[in-house]
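The next block holds one structure in the form of structure tokens; read it before the comments.
The values are calculated or read from the model by the stated rules, or taken from the named source; none is laboratory data. Since we're looking at a predicted model, the values are computed, not measured. Because the Cβ atoms are built from the backbone with ideal geometry, glycine has one as well, and the counts that use them run over all protein chains shown.
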Amino acid sequence: MVIKILGGGCANCKKLMENAKKAAEELGIDAKFEEVKDIEKIMSYGVMRTPALVVDEKLIFSGRVAGVEEIKEVLKKEA
Amino acid sequence: MFSPVQKFADFVTYNIFKIPQNSKLASAVNFFIFDTIKIFILLFLIVFVITFIRSFFSPEKTREILSHKNQNILLAHILAALLGIVTPFCSCSAVPLFIGFVEAGIPLGVTFSYLIAAPMVNEVALGLLYANFGLKIALIYVLSGEIIAIVSGIVIGKLNLEKYVEDYVFKIKVGDVQIAEDKKTLNQRLKETLEFTIELIKKVWVFVVVGIGIGAFLHGYIPTGALAKIAGKNNPFAVIFATVLGIPLYSNAAGIIPLVSEFRRLGISMGTSLSFMMSVTALSLPEMILLRRVLKPKLLAVFVAIVGCGIIVTGYLFNFILG
């Protein structure tokens, strides 16, 4: 599973990355994490608000920092 | 609504701390306790309500509404400025939003009406203004922010400045937007709204408390009208000075607003205070640095100049109306 965090590297993006890592760890999912800062790549997902979470190239949500529990739900569904 | 809070503040000041009544310290401490509680109650309520309304609007939806062809251009500016209030906006998102809008064929001027209204009419500022000055001043703040956004957008649109947008912006292809924000249940929405409100208050509370603290000190120790000569109605440069001073102070926005009521008591006029606050929230240095990535320096300068002039004119107008 490849989990990407889209965003310019602001505090919200870092927090979302942390939450996503924690969620994957708690579920025991072996995931690869990637930070996407390139604006062209971010736009190619149709995202206009950062941070955004992308799981296996599927955009899950954008514009907010989801909590660990919420990300766990998403990862369970996508796994 | 706040008389129990006042009773509590009196009780703490005179009965628990046992500070003698009518002393300067008592006045400052009482003010601090009362204002802190009052402001946080109102801030929580207002941010909660606005965030809830916002959960029904997304920039993706805004983009769709604004990109309809053969739309009356004035109507598009008004719509953009209104949507600027209700769409969630973090300054980190200014660049992707700008690209997304321009790419969808939304005119540059309309995009700016949106980009100006979004930070200018700020929910924390609105909450604190309402808490300190009541509905009338809060409405004036919203209305003048909207008018500045609409007029600035129209002016930028008329100047045909598309060539001063960085070239790569027009080359970016925006992918399909497919976020299922609409499918949320009411409970989900309320839960997310509550979480966001708490997050936001966690972020700004230090600034608010420091602002109230300084205000409380001024309240107890500095006499009314002390600054009237320097920054009152009779100084024609006060508004300009306040606007320029506000630009580099962005991060302290939440702390400056609780101070505004004290500014007023010290003799700084309402228009000057409003100009200061708007410049703090709308012309922030961090946002300009972000916008530089999509705008060439000339357009950025035009943006700052037009918004700055709008804020200054508003300041004078309100000094004239409200005194």
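So which helices (runs of 4 or more DSSP H) are wholly in the range B:123-206 and hold at least 1 residues that are under 26 Å from the mean Cα position of the chain (by Cα) and modelled with pLDDT of 80 or more? Let's see the steps before the verdict.
Working: elements: B:123-133, B:135-158, B:168-171.
Qualifying helices (runs of 4 or more DSSP H): B:123-133, B:135-158.
Pairing residues of the range A:2-24 that are within 12 Å of chain B (Cβ to nearest Cβ) with residues that are assigned to a loop (DSSP other than H, G, I, E, B) and of a type in the set (Asp, Glu), at Cβ distances under 6 Å and at least 6 apart in sequence or on separate chains, gives no pairs at all. Of the residues B:Val307, B:Val294, B:Val244, the single one that is out of contact with any Ser or Thr (no Cβ under 8 Å at 6 or more places or on another chain) and under 30 Å from B:Gly157 (Cβ atoms) is B:Val294.
Within the range B:283-323, being surrounded by 14 or more Cβ atoms within 10 Å (Cβ to Cβ), over 19 Å from the mean Cα position of the chain (by Cα) and under 27 Å from B:Ala231 (Cβ atoms) holds for B:Asn319, B:Leu322.
Scanning the range A:25-66 for residues that are away from chain B (no Cβ under 14 Å) and either aliphatic (A, V, I, L, M) or at positive phi (or both) yields A:Leu27, A:Gly28, A:Ile29, A:Ala31, A:Asp56. Only residues that are part of a helix (DSSP H, G or I) and at pLDDT 80 or above were counted in the range B:82-119, giving 24. For B:Thr13, state whether it is within 26 Å of the chain's Cα centre (by Cα), part of a helix (DSSP H, G or I), hydroxyl-bearing (Ser, Thr, Tyr) and surrounded by 14 or more Cβ atoms within 10 Å (Cβ to Cβ). For B:Thr13, the condition - within 26 Å of the chain's Cα centre (by Cα), part of a helix (DSSP H, G or I), hydroxyl-bearing (Ser, Thr, Tyr) and surrounded by 14 or more Cβ atoms within 10 Å (Cβ to Cβ) - is not met.
Would you confirm whether or not the range B:30-46 contains a residue that is closer than 28 Å to B:Phe98 by Cα and among the β-branched types (Val, Ile, Thr)? Yes, there is a match, as at least one residue in the range B:30-46 is closer than 28 Å to B:Phe98 by Cα and among the β-branched types (Val, Ile, Thr).
Could you go through the range B:186-193 and let me know if any residue there is touching a residue at least 60 places away in the same chain (Cβ under 8 Å) and surrounded by 19 or more Cβ atoms within 10 Å (Cβ to Cβ). Yes.
Scanning the range A:4-24 for residues that are in contact with a helix residue (DSSP H, G or I) (Cβ under 8 Å, 6 or more places away or on another chain), at pLDDT 90 or above and more than 18 Å from A:Gly46 (Cβ to Cβ) yields A:Asn19, A:Ala20, A:Lys22, A:Ala23, A:Ala24. Taking the range A:1-19 as the range and being more than 24 Å from B:Val95 (Cα to Cα) and touching a Leu at 6+ places or on another chain (Cβ under 8 Å) as the test, only A:Met1 passes. Out of B:Ser58, B:Ser23, B:Ser27, one residue alone is within 14 Å of chain A (Cβ to nearest Cβ) and either of a type in the set (Gly, Ala, Ser) or buried (at least 21 other Cβ atoms within 10 Å of the Cβ) (or both). It is B:Ser58. Is it fair to say B:Phe34 is closer than 29 Å to B:Leu135 by Cα and touching a Leu at 6+ places or on another chain (Cβ under 8 Å)? For B:Phe34, the condition - closer than 29 Å to B:Leu135 by Cα and touching a Leu at 6+ places or on another chain (Cβ under 8 Å) - is not met.
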